[in-house]
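> Mind having a look at this structure? Questions to follow.
The values are calculated or read from the model by the stated rules, or taken from the named source; none is laboratory data. Everything numeric here is computed off the predicted structure, so don't read it as measured data. All Cβ positions, glycine included, derive from the backbone under ideal geometry; neighbour counts span all protein chains shown. SASA here: full protein model, heavy atoms, side chains in, ligands and nucleic acids out. Shrake-Rupley method; radii C 1.70, N 1.55, O 1.52, S 1.80 Å.
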Amino acid sequence: QVQLVESGGGLVQPGGSLRLSCAASGSIFSTNLMGWYRQAPGKQREWVATITSRGSTNYVDSVKGRFTISRDNAKNTVYLQMNNLKPEDTAVYYCNGELRTTILSMPRDYWGQGTQVTVSS
């Protein structure tokens, strides 16, 4: 069984920084695309950033220049460095990973349980 576990959320003032981590564990053969999504109260879950296994990144426009996604393939871990946080960044942040459990299996999506980020003075 595969698990994705996020950590690093919390309460921060506007302009502050947080670093989220997401570690994948269990029977993992390979990790492909990994990313972060978020869901604010009363809103749909939205894509924030993704990173390929080779390190290519993409971001939603609202976080470009402020957030940085990175990964450590040896640790099956993806990170989200969030700087200059704004109140509108407040949401539950979810980690997503496209993983294969064996050499013969097809890639499938796995999700973490989410971590709360609150930006408020």
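> Ignoring ligands, DNA and RNA, what accessible area per residue does the chain give at 1.4 Å, in Å²? Before the final figure, lay out each step's value.
Details: 6560 Å² over 121 residues.
The answer is 54 Å² per residue.
> How would region 53-121 be classified by its alpha-carbon gyration tensor: rounded, prolate or oblate, with rounded meaning a/c under 1.5 and the a/b versus b/c comparison settling the rest?
Here region 53-121 falls in the prolate category.
> Given region 1-51, report the % of alpha carbon pairs whose separation exceeds 15 Å.
Cα-Cα pairs in region 1-51 separated by more than 15 Å: 63 percent.
> Carbon and sulfur atoms: what percent of the 1.4 Å accessible area of the chain do they account for?
Of all accessible area on the chain, carbon and sulfur atoms account for 48 percent.
> Computed FRET efficiency, Cβ-Cβ of Thr68 and Glu88, R0 22 Å: what is it to the nearest 0.05?
On the way: r = 18 Å, r/R0 = 0.83.
My answer for the efficiency is 0.75.
> Between Leu104 and Gln1, what FRET efficiency follows from the Cβ-Cβ distance if R0 is 22 Å, with the result rounded to 0.05?
0.80
> Something else now. Roughly how large, in nm² to one decimal, is the mean projection of the convex hull of the alpha-carbon atoms in region 21-87?
Quarter of the Cα hull surface area: 5.3 nm².
> Would you mind getting the Kirkwood hydrodynamic radius of the chain from its Cα pairs, rounded to one decimal in Å?
14.5
> Looking at Gln1, Ile51, Gly16, which one has the Cα that reaches farthest to the positive end of the dipole of region 1-114 (charges on Cβ: Lys, Arg +1; Asp, Glu -1)?
Sorting the options by dipole projection puts first Ile51.
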